[in-house]
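The values are calculated or read from the model by the stated rules, or taken from the named source; none is laboratory data. Bear in mind the structure is a predicted one, so any value in this text is a computation, not a measurement. So basically every Cβ, Gly included, is an ideal-geometry build from the backbone, and we count neighbours across all protein chains shown.
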Amino acid sequence: MAHTPMTRTYSRRALLRSALGITGVAALAACGGANTTPTAGTAPPTGGGTPIPPAGTSATAAGANTTAPATTAASTVRATATGGRAAVEGKLPDTGVPGVPDAYTKYPPVYKSVSGVPGRGGTVTTFQVQEGAPIPAKGENRFWQELERRLGVRIEPTFAPSASWAEKFAALTAGGDLPDLCWLHPSDSRASGQYKTIQQGAFTDLTPYLSGDALKEYPNLAALPPQLWDKVRINRKIYGAPRPQLAVGQALYFRQDWAEKVGVPRVESAESLFTVLTRFSKNDPDGNGQADTYGLAGPTPAARFCQTFLLEMFRAPNGWRLNPDKTLTHEIETEEYKQALAFAKRLWEGGGYHPDLLSLSISQVRDGLTAGTLGAFQGFIVSLSNRRAMARQVNPAADVISLAPPGHDGGKAVTHNGPGFLGFTGIPSKVGRDKERVRELLRILDYYAAPFGSEEDLFFQFGIEGLHHKVAPDGTRSRTEQGQLEIGGLRSLMNNPPVFFYPAFPGDAAMMQELAARMLAVGIDDPTEGLYSPTAIAKSSELSQLRTDRETAVVVGREPFGALEQMIKDWRSRGGDQIRQEYEAALTGQ
């Protein structure tokens, strides 16, 4: 997130839904930009997303307690260490843009991605966030029991509530009793102290196991996007396997049908964006003769004015800009930042924002788009298909798209890439002394990372056929009440790469893939991703609030535009310059 000066703050919803997005799309990202209502005609999501594969793609294996299909020579397609697979029916062609998820119009033939049983017996303890409602105890949970049978170990998780997981982890660390596998998320400002914990040697350096040829021992982990293994590094070392999520940043959920009605069918510059948003507020795009429609709103206090979208439109850096001399410039120190804020101020004065913007809740912003009172809001693209479906339920003519930022001058914009993963799962140093134990634990994570279309993923999503899910006459699967209750968040240690798959609206897969490709093609990274700054940890919240308060005051006219200069000076003196020095030292290895 560009708006957070140093460390990224992830929303509660992003933590709860961090494995996959709705109906198998990418994981929800930060800032609460995506909605969680299931697409019409699909099973409700629990924990991770729930793609609805057709039954009958392969025969059911012997034994009533498994959904694992029998594989045949035709359906067995092994993932390679580079993620390559043979052509698969229903899979759309690759875009050629790194980071764009695979897209499917139908569920592919099921194949087995893991050979043998990963565990050696015994018990594996875990620390992970509770995603969704608590699940029944193992003795009353057939899914848990079957998972242990498949893994060849007993799984004893420590679940932490999403609201207090960082505090729970800190307590475990202080007590010196860390589980065998721990989900870590140091870039979340609530747990940024994990950087220090890692630097102090509390976790195993897994670089020898998870890089080069050694990674091929774990084919599902090896099939993760290659760039993740660079981004997950902390001071050039790998301390865990990343939980992949969509790297695409934010766009605007946008009423395209309104845009056409007000005479701006294509938004190709800052000027055309200004025109269309002010017309949303003034030109009655819903045609009901009432002044009850508005242009733009942001979902959170730190993004009320959709700053990230505007920064991208004016080509501001993603958090920091790495200069040729290896120095860093923060985005708020750039002319592009000032141009973006000047545009926001002009849009406010022109009536392009919702007039009650400062008091709207996240749900009011989201519901406004669906209900037909708001024309656009900034958010992550992962639930676009669901948002489109919800809007059509209210008004069949509604056409909600996700609008990528145009260049302010009509040229190309930039987009701010996310890291592409939501934390990572590491192994404490005391466990890592036993190399064979490390390999066993990594084999278990490899099982958890089984890709979409695999027998193992099918089990994680739906459990045991006839018990945890039912098969409809058209071949789709939906979880039973027992499935919703028992499957829960046991997979929250690790998940597979996101895919675009919308059984109820197959055409949306191509739309989403094309959008992700356009955005990632101009995406830029934060050059400080994975670097450690103690001052950033200590000052993140304070400096974020300084920025939010001053931006709000300037945009709505409570302070003159020149007040931004004082904000920048205050930011630098209250920690920004020190953060810069620490990041620059980390970049040069000093």
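Structure values in brief
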item	result
Output for segment 401-422, where each listed residue is out of contact with any Ser or Thr (no Cβ under 8 Å at 6 or more places or on another chain), of a type outside the set (S, T, N, Q) and either touching a residue at least 40 places away in the same chain (Cβ under 8 Å) or surrounded by 20 or more Cβ atoms within 10 Å (Cβ to Cβ) (or both)	Ile401, Leu403, Lys412, Ala413, Val414, Gly418, Gly420, Phe421
Test: residue in segment 163-173 that is at pLDDT below 90, surrounded by fewer than 18 Cβ atoms within 10 Å (Cβ to Cβ), within 23 Å of the chain's Cα centre (by Cα) and not in a strand (DSSP E or B)	yes
Any hit, segment 315-331, residues being surrounded by 17 or more Cβ atoms within 10 Å (Cβ to Cβ) and in a helix (DSSP H, G or I)	yes
Filter result (farther than 19 Å from Leu310 by Cα and of a type in the set (Val, Ile, Thr)) within segment 352-375	Ile362, Thr370, Thr373
The listed residue being modelled with pLDDT under 95 and touching a Leu at 6+ places or on another chain (Cβ under 6 Å), out of Arg366, Arg304	Arg304
Total residues in segment 123-146, condition surrounded by fewer than 20 Cβ atoms within 10 Å (Cβ to Cβ) and out of contact with any helix residue (DSSP H, G or I) (no Cβ under 9 Å at 6 or more places or on another chain)	3
Test: Val264 is closer than 19 Å to Gly298 by Cα and either in contact with an Asp or Glu (Cβ under 9 Å, 6 or more places away or on another chain) or not in a strand (DSSP E or B) (or both)	no
Residues (more than 14 Å from Gly121 (Cα to Cα) and without any contact (Cβ under 8 Å) to a residue 60 or more places away in the chain) located in segment 146-162	Thr158, Ala160, Pro161
Search result, residues across segment 492-514 that are farther than 30 Å from Leu181 by Cβ and buried (at least 21 other Cβ atoms within 10 Å of the Cβ)	Tyr502, Pro503, Asp508, Ala509, Met512, Gln513
The listed residue being within 30 Å of Gly99 (Cα to Cα) and touching a Gly at 6+ places or on another chain (Cβ under 6 Å), out of His416, His408, His330	His416
Every residue from segment 203-223 that is in contact with a Leu (Cβ under 9 Å, 6 or more places away or on another chain) and crowded, with 19+ Cβ neighbours inside 10 Å	Phe203, Leu206, Tyr209, Leu210, Leu215, Tyr218, Asn220, Leu221, Ala222
Conditions (1) at pLDDT below 95; (2) surrounded by 18 or more Cβ atoms within 10 Å (Cβ to Cβ); number of the one not met by Ser541	(2)
Residue in segment 398-408 that is in contact with a Lys or Arg (Cβ under 8 Å, 6 or more places away or on another chain), assigned by TED's automatic domain parsing to the domain that holds Leu277 and farther than 25 Å from Glu312 by Cα present	yes
Yes/no for Gly418 being more than 21 Å from Val267 (Cβ to Cβ), in contact with a Leu (Cβ under 8 Å, 6 or more places away or on another chain) and in a loop (DSSP other than H, G, I, E, B)	yes
Residue in segment 345-364 that is buried (at least 24 other Cβ atoms within 10 Å of the Cβ), in a helix (DSSP H, G or I) and touching a residue at least 40 places away in the same chain (Cβ under 8 Å) present	no
Condition check for Val382: modelled with pLDDT of 95 or more and of a type in the set (Val, Ile, Thr)	no
Output for segment 289-302, where each listed residue is outside any loop (DSSP other than H, G, I, E, B) and closer than 11 Å to Ala344 by Cβ	Leu296
Output for segment 429-485, where each listed residue is within 30 Å of Thr173 (Cα to Cα), of a type in the set (A, V, I, L, M, F, W, C) and part of a loop (DSSP other than H, G, I, E, B)	Ala449, Ala450
Single residue of Glu440, Glu486, Glu456, Glu481 found to be among the acidic types (Asp, Glu) and either without any contact (Cβ under 8 Å) to a residue 60 or more places away in the chain or on the phi > 0 side of the Ramachandran plot (or both)	Glu481
Segment 110-144 - residue that is among the β-branched types (Val, Ile, Thr) and under 25 Å from Val431 (Cα atoms) and, of those, modelled with the lowest pLDDT	Val129
Tally of residues being closer than 12 Å to Thr329 by Cβ and among the charged types (D, E, K, R) across segment 572-586	4
Within segment 88-111, considering residues that are of a type in the set (Asp, Glu) and touching a residue at least 12 places away in the same chain (Cβ under 8 Å), the one farthest from Arg477 (Cα to Cα)	Asp102
Matching option when the condition is of a type in the set (A, V, I, L, M, F, W, C) and either closer than 25 Å to Ser187 by Cβ or surrounded by 20 or more Cβ atoms within 10 Å (Cβ to Cβ) (or both), among Ala397, Ala371, Ala376, Ala342	Ala376
Which numbered condition Gly489 fails, given (1) crowded, with 20+ Cβ neighbours inside 10 Å; (2) outside the structural domain of Asp230 (by TED's automatic domain parsing)	(2)
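Per-residue answers, yes or no, for (1) farther than 27 Å from Gln227 by Cα; (2) buried (at least 17 other Cβ atoms within 10 Å of the Cβ):
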{"position": "Leu520", "(1), (2)": "no, yes"}
{"position": "Ile524", "(1), (2)": "no, yes"}
{"position": "Thr535", "(1), (2)": "yes, yes"}
{"position": "Gln545", "(1), (2)": "yes, no"}
{"position": "Gly557", "(1), (2)": "yes, no"}
{"position": "Glu565", "(1), (2)": "yes, no"}
{"position": "Glu582", "(1), (2)": "no, yes"}
{"position": "Gly589", "(1), (2)": "no, no"}
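Each row is one residue, and each column tells you yes or no for (1) at pLDDT 95 or above; (2) more than 18 Å from Asp526 (Cα to Cα); (3) in a helix (DSSP H, G or I).
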| site | (1), (2), (3) |
| --- | --- |
| Pro186 | no, no, no |
| Arg190 | no, yes, yes |
| Ile198 | no, yes, yes |
| Thr207 | yes, yes, no |
| Leu210 | yes, yes, no |
| Leu215 | yes, yes, yes |
| Asn220 | yes, yes, yes |
| Gln227 | no, no, yes |
| Tyr239 | yes, yes, no |
